[in-house]
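Derivation of every value follows stated rules applied to the coordinates shown; laboratory data play no part. The structure displayed is predicted, hence computed values, not measured ones. Virtual Cβ from ideal backbone geometry, glycine too; neighbours counted across all protein chains shown.
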Amino acid sequence: MNDQLQWGGRFTGAPDAALLAFGSSLEEDLVLAPFDVATSRAHVSALEGGHVIASATADALRSALDTVSGEIADGTFAAAAIASQAEDVHGAIDARVRQLAPQAGAWLHAGRSRNDQVATTLALYARDRATRGSALAAATAREALSQARRALDAGTLLAATTHWQPAQPILLAFWLAAVAESFARAAARFDRVAADAKLECPLGSGACSGTTLPLDREAAARELGFAAPSRNALEAIGNRDLALDLLHAVARALGAASRASEELVLWSAPAFGYVQLADEASTGSSLMPQKRNPDPFELVRAHAAGATGALAAALGTTTGLGLSYHRDLQETKAIVIRATERGLAALAVFDRALAYVRWNDARMSARAGDGYTVATDIADALVLRGVPARRAHELVGASVARAEREDRALGPADLAALAAAAGLAEPLDAPLDAAASVRAKRTSGSTSPAEVARAIGALEAVLAARERMGTA
Ligand code: ARG
């Protein structure tokens, strides 16, 4: 009899080795080991609180779980578990406890199913990793904001693009603050997942309907930091919302990282030359001696794609299942864990690589007006002088076409011609360069230096507040 198996009494034949191996999630769910130990400990409290087991048994179980905890910490548990034929980390820990404390160990699984155990362990994992994701995203937001402050002081300009075509001048600080905004939102998304993972404790739900054993579910929920035991056993054991929400938060945070990465990759190309990645973050080519490649940002982009694919896979795995537990749900665990571990590593890499970006302020600023990026402000100036917007758009469009034919920028002569064409009595005053353009912006949330300073300060305050609340 394989003592790693938690069942077998009703069978006479042994399981087919290949099928048994296919059914194991141990390689992927080993990372859950510390959370399973916590869950097992709480179950011991529930059993003891309900007088299902004697205090001596509870103590023996706790001490065996302490030993397992030590083995997890020093790495010996993983090796032994992999060598065993356990179906999952939950079975491996149960088997190890039975080995360490044969008599008490036989009581650990009383009134417990791997179904409520998996759901509870996953909730603890989601809470832990969401907290880590939140801290990572908040750190990146702060890094982007500190770079934004420097760029604001330097007055660095940048041609914002839409469709990758020159659109309007902005401050580099505005771009960096935009990156910070998306990461602050990613952190808040992680916070919501962590908060949800403190609400309902599935432990004590048994396989799907509760148990006839008088478990002290409140004690278990309290011990694991949940507000209360879950209300419906059937739903609690088959629910994977927390795991999906965690993966969604990971995928979305990486989505933000991937978009910023895309621009940084492009800007590091010599044709742009807006940024250079420090040697510490660059890689070379094995053949082309001149190469300096921005690999970390390219890899982050790819990890974002991986997390997005994993999210779709995880959603698919849970879709169309009836209520309760189905073995398909085991795969959710593998998909979510792998994507979360890789995703959080990629977020840490993005944060680290961002600090190695060296901005070429002069080159960015010099090109911010290229491509007639002030054209909109000139049209706006006409509108402010009473020219209907469509007419202003057309007139400035014609000026741009003329300047383009003559291969020159828009200048004072064009403003004079526009004033004449629009029938204005007074000369037209409008920004003709990128610096004047950003200074002329009036709306809140705009790229005007004063607004950017205000927005940076406001977001800094938001991040400082969440740090004070201990969520960072
Ligand atoms: N290996 C399963 C998992 O990780 C454990 C739950 C099995 N439950 C069951 N009723 N067969 O999801």
Using the Karplus curve 6.51 cos²θ - 1.76 cosθ + 1.60 with θ = phi - 60°, work out ³J(HN,Hα) for each residue of segment 169-174 in order, rounded to whole Hz, and write x for Gly and Pro. x, 9, 8, 4, 4, 5
Give me the number: length gained by fully extending residue 398 to residue 467, i.e. 0.36 nm times residue separation minus the C-alpha to C-alpha distance, one decimal in nm. 19.6 nm
Per principal axis, largest first, the Cα atoms of segment 115-367 extend in Å by 75, 40, 32
How high is the FRET efficiency between residue 406 and residue 355 when r is their beta carbon distance and R₀ equals 35 Å, given to the nearest 0.05? 0.20
Need the C-alpha centroid separation for segment 406-465 versus segment 273-317, integer Å. 35 Å
Gyration tensor (Cα only) of the chain to equivalent ellipsoid, semi-axes in Å sorted down, yields 60, 23, 19
Cα-based convex hull, segment 90-226, per residue volume (Å³, whole number): 159 Å³
Loop-located chymotrypsin sites (Phe, Trp or Tyr not before Pro) in segment 270-311 whose Cβ has at most 16 other Cβ within 10 Å (DSSP): 272
Length added when fully stretched, residue 315-residue 162, from 0.36 nm per residue minus Cα-Cα: 51.8 nm
Residues 441, 291 in order from fewest to most other beta-carbon atoms within 10 Å are 291, 441
Evaluate E = 1/(1 + (r/R0)^6) for residue 14 and residue 79, where r is the Cβ-Cβ distance and R0 equals 35 Å; express this FRET efficiency to the nearest 0.05. 0.90
Mind running the shape call on segment 291-396? Use the C-alpha gyration tensor, a ≥ b ≥ c as the square roots of the eigenvalues: rounded below 1.5 for a/c, prolate if a/b tops b/c, oblate otherwise. oblate
Ranked by how many other beta carbons lie within 10 Å on average, peptides 323-334, 88-99 from highest: 88-99, 323-334
Would you mind getting me the FRET efficiency between residue 269 and residue 234? Use the beta-carbon distance for r and R0 = 35 Å, nearest 0.05. 0.05
Starting with the highest mean, order 33-44, 307-318 by the number of other Cβ atoms within 10 Å, averaged over the residues of each peptide. 33-44, 307-318
Hey, can you grab everything whose amide H is under 5 Å from the amide H of residue 53? Only 5+ residues off in sequence or another chain; H modelled, so Pro and N-termini drop out. 48
Please report Rg over Rh for segment 375-468, where both radii come from the alpha carbon positions and Rh follows the Kirkwood definition. 1.17
With bins 10 Å wide starting at 0, give me the P(r) of segment 17-110 over every alpha carbon pair, in whole percents. 17, 49, 27, 7, 0
Using only helices, what value at 222 nm comes out for the chain when you add -39,500 (n - 2.57) per DSSP H run of length 4 or more and divide by the total residues, to the nearest 500 deg cm²/dmol? -20500 deg cm²/dmol
With a 10 Å Cβ neighbour count serving as the proxy for reagent exposure, in which order, fewest first, do 11, 226, 190 appear? 11, 226, 190
